[in-house]
Amino acid sequence: MTFERDFDQQTAVVTGGTRGLGAAITSAFLAAGASVHATYAGNEDAARAFAEKLGPLAERLRLHRFDVADHAACERFWNELGDAEPVHVLVNNAGIRRDAIAGAMKVGDWDAVIATNLSGSFHMSKFAIQRMSRARYGRIVMVSSPAGLHGFAGQANYGASKAGQIGLMRALAKEVGKRKITVNCVAPGFVDTELLADLPKEVRDEHVKTVPAGRFGTPDEIAFAVLSLAHPRASYVHGAVLEVTGGL
């Protein structure tokens, strides 16, 4: 199944949309006909390099540099978009990891992960909902994690942020469902991106052994799940968590 032209005349906002999973999601929306506003926190070179690789698709891409953990910066972003261009899809993908066992975790690492992964999702969703409510249409997808469902040692901050995303999603789903806005989560398992690049080979090998599919996922497989939930025909998929884990 492909989504070719399924998102023609639609506009998507993808946070953390220039690297890793975000780059794959942005690319998939562009390939399906959407215009995309991709946000990134600070890596200017990576954002520009990503845009250059897109070729003609980059004509429908706009890059925005700001930190989703900053409520005022998020508000400025939405205000600068204005009402002339409707936004049909928001993908809350921006996320960071600062792993450590809880007894040794720095307070700053706890705060940073919660601020980006959870508060960032709230900030962006808040302003998206205001616009989508006026239009009586919208799709919001949170990129969560099985860590939010099951918990993993060494990831108390990350797991808490991802569990919080799921709770946020379910609350929003109850608030906005009557306005033809759907809110859902995709929970990717182990995916070959730079977020896992710092794992030693022996640790990666051990993780692979836990996956019934016998491999890590690919960014394109996660992007497919995100576009499925964001599709105009996915109007009755609401308040759900779609695990894309290879059976983990």
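The values are calculated or read from the model by the stated rules, or taken from the named source; none is laboratory data. Every value quoted in this text rests on a predicted model; they were computed, and no experiment measured them. For neighbour counting, all protein chains shown are included, and Cβ atoms are generated from backbone atoms with ideal geometry for every residue, glycine included. All accessible areas refer to the heavy atoms of the entire protein, side chains included, with ligands and DNA or RNA removed. Shrake-Rupley method; radii C 1.70, N 1.55, O 1.52, S 1.80 Å.
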Of all residues making up region 183-215, the number that are within 30 Å of residue 233 (Cα to Cα) and of a type in the set (A, V, I, L, M, F, W, C)
7
Give the residues of region 172-199 that are touching a His at 6+ places or on another chain (Cβ under 7 Å) and either in a helix (DSSP H, G or I) or exposed (fewer than 15 other Cβ atoms within 10 Å of the Cβ) (or both), sorted by residue number.
173, 177
For region 194-248, give me each residue that is of a type in the set (Ser, Thr, Tyr) and within 20 Å of the chain's Cα centre (by Cα).
218, 228, 235, 245
Pairing a residue in region 132-146 that is free of Cβ contacts under 8 Å to residues at least 60 places away in the same chain with any residue that is surrounded by 16 or more Cβ atoms within 10 Å (Cβ to Cβ) and among the hydroxyl-bearing types (Ser, Thr, Tyr), where Cβ atoms lie under 8 Å and the two sit 6 or more apart in sequence or on different chains, gives 138/182; 140/125; 140/182; 142/121; 145/158
Output for Cβ contacts, cut-off 7 Å, separation at least six or different chains, first residue acidic (Asp, Glu) in region 87-111, second surrounded by fewer than 21 Cβ atoms within 10 Å (Cβ to Cβ), reads 99/154; 109/98; 109/100
Sole residue being without any contact (Cβ under 8 Å) to a residue 12 or more places away in the chain, out of contact with any Ser or Thr (no Cβ under 7 Å at 6 or more places or on another chain) and either open to solvent by 40 Å² or more (accessible area, probe 1.4 Å) or small (Gly, Ala, Ser) (or both), chosen from 221, 202
202
In region 150-163, residues that are touching a Gly at 6+ places or on another chain (Cβ under 9 Å), buried (at least 16 other Cβ atoms within 10 Å of the Cβ) and either closer than 17 Å to residue 74 by Cβ or of a type in the set (A, V, I, L, M, F, W, C) (or both) total 3
Would you check if there is a residue in region 138-145 being open to solvent by less than 60 Å² (accessible area, probe 1.4 Å), of a type in the set (Lys, Arg) and within 18 Å of the chain's Cα centre (by Cα)?
yes
More than 29 Å from residue 236 (Cα to Cα), more than 19 Å from the chain's Cα centre (by Cα), of a type outside the set (A, V, I, L, M, F, W, C) and at pLDDT below 95, is that true of residue 154?
yes
Checking residue 208 against (1) of a type in the set (Val, Ile, Thr); (2) over 24 Å from residue 165 (Cα atoms); (3) touching a residue at least 24 places away in the same chain (Cβ under 8 Å), which single condition isn't satisfied?
(3)
Of the residues 169, 132, which single one is under 16 Å from residue 94 (Cβ atoms), open to solvent by less than 10 Å² (accessible area, probe 1.4 Å) and among the aliphatic types (A, V, I, L, M)?
169
If we keep just the residues of region 82-128 that are in a helix (DSSP H, G or I) and among the acidic types (Asp, Glu), which is farthest from residue 67 (Cα to Cα)?
109
